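See structure below.
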Amino acid sequence: EPGLYLVATPIGAARDITLRTLDILASADVIAAEDTRSLRKLMEIHGIALGDRPLLAYHDHNGARVRPRLMADISGGKSVVYASEAGTPMVADPGFDLARAAIAEGMPLTSAPGPSAVITALTLSGLPTDRFLFAGFLPNTASQRKSALSALVDVPATLVFYESPKRIAAMLRDAATVLGGSRPAALARELTKKFEEVQRGTLDTLAEEAAAHPRKGEMVVLVDRASSQNISFSEIEEMLQDALAQMSVRDAADT
Ligand code: SAM
């Protein structure tokens, strides 16, 4: 069937690919991937021959150039499959403009769901999963990171961030400062891989641990919502001071 097929690929364990994604990869007329080498390898692992089908790189830097070709293929009756480097396309990965173009041109759009680090990390975190906000990667500079975190202070949901090992210690330190060090939090590392590990604690304990023992690998940070149960003494003191200050302002206005 002609159309654009978005497929999720494993975030570590190669066997986490779905049977439907394998079917689509085996039958698509045109294959597009953020990283052609890793998709080629994945297809090899699962015994899917590329044959003489085109395998094109599609990512943020060449999207504007490659997109018209893929759209033309679909209008010409071909099926086009797109996979990002790992996990679900468009989740902190390219694919958005491609999907939008297909929608704008009224082309059939299909998604074959599968792995994503955000969902995998949530299920292991021990934090509430009823509501969550996926915040992706925070900005790299400290000041921009802090202001992005400030905008999330009152969000009544578990917060989920992607972060690189290079910045994890600084990110956790800033998160502790801005969101509150006593908030329950988790750091999920190398999910579905050999050295999968989940550390659970508070933003303070995770920040200390990350500073003392730097670790490598892919990481997801999860933070519990603000609640009266995880406000620190210093935060309570600050709130009391604010309330007292407001009362004295009001007293002054009354008299
Ligand atoms: N599209 C992917 C998804 O659906 O999860 C995410 C792509 S994003 C460019 C890569 C980031 O996702 C990593 O820096 C890390 O924060 C997170 N990630 C991906 N794989 C992971 C894994 N196996 N364990 C922990 N985090 C992972």
Checklist outcome for this item: Subtracting the Cα-Cα distance of HIS213 and LYS146 from 0.36 nm times their residue separation yields 21.8 nm
Checklist entry - Against the longest alpha carbon principal axis of the chain, how many degrees, from 0 to 90 and to the nearest 10, is the axis of helix 233-254 turned? => result 60
Checklist entry - How far, in nm, would the chain grow between VAL155 and THR192 when pulled straight, counting 0.36 nm per residue and subtracting the alpha carbon separation? => result 10.4 nm
Next on the checklist: I'd like to know which of LEU39, ALA64, GLY181 lies farthest towards the positive end of the charge dipole of the chain, counting +1 on Cβ of Lys and Arg and -1 on Cβ of Asp and Glu.
Outcome noted: LEU39
Next on the checklist: I need the calculated FRET efficiency for the pair THR177 and ALA245, taking r as the beta carbon distance and R₀ as 30 Å, to the nearest 0.05.
Outcome noted: 0.85
Checklist entry - segment 125-181: percent of C-alpha pairs farther apart than 13 Å? => result 61
Checklist entry - If you wrap a convex hull around the Cα atoms of segment 25-64, how much volume per residue is inside, in Å³? => result 64
Checklist outcome for this item: So the FRET efficiency between THR18 and SER164, C-beta based with R0 = 25 Å and rounded to 0.05, is 0.35
Next on the checklist: Charges at C-beta only: +1 for Lys and Arg, -1 for Asp and Glu. How large is the resulting dipole of the chain about its Cα centre, in Debye rounded to 20?
Outcome noted: 820
Item to check | Helix 203-212 vs. the chain, principal-axis angle (Cα, 0 to 90°, nearest 10) | outcome: 70
Item to check | Gain upon complete extension [SER227, ARG69; 0.36 nm per residue less C-alpha separation] | outcome: 51.8 nm
Item to check | Nearest 10 degrees, 0 to 90: helix 168-179 Cα axis against the chain principal axis | outcome: 50
Checklist entry - So, by mean Cβ neighbours within 10 angstrom, what's the order for 8-21, 143-156 with the highest one leading? => result 8-21, 143-156
Checklist entry - Under a 5 Å amide H to amide H cut-off, with H placed in plane at 1.01 Å, what residues pair with LEU133 once short-range neighbours are removed? => result THR158, LEU159, VAL160
Checklist entry - Can you work out D for the chain in µm² s⁻¹ from Stokes-Einstein, where Rh is the Kirkwood radius over C-alpha pairs, the temperature is 25 °C and the viscosity is 0.890 mPa s? => result 119
Item to check | Sum of side-chain charges, TYR58 neighbourhood, beta-carbon under 13 Å (Lys, Arg +1; Asp, Glu -1) | outcome: -4
Item to check | Positive minus negative residues near PRO156 (Lys, Arg vs Asp, Glu; Cβ under 12 Å) | outcome: -1
Next on the checklist: Using only DSSP helix segments of four residues or longer, with each worth -39500 (n - 2.57), what per-residue ellipticity at 222 nm results for the chain after dividing by its residue count and rounding to 500?
Outcome noted: -12500 deg cm²/dmol
Checklist entry - Taking the convex hull of the alpha carbon atoms in segment 1-110, what volume per residue do you get, in Å³? => result 91
Checklist entry - Considering only the chain, what is the antiparallel percent among its DSSP beta bridges, to the nearest 5? => result 45
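Quick note: the coordinates plus some simple rules give every number you see, no bench work behind them. Keep in mind the model is a prediction, meaning the values are calculated, not measured. Every residue, glycine as well, gets a Cβ built from its backbone with ideal geometry; the counts of neighbours run over all protein chains shown.
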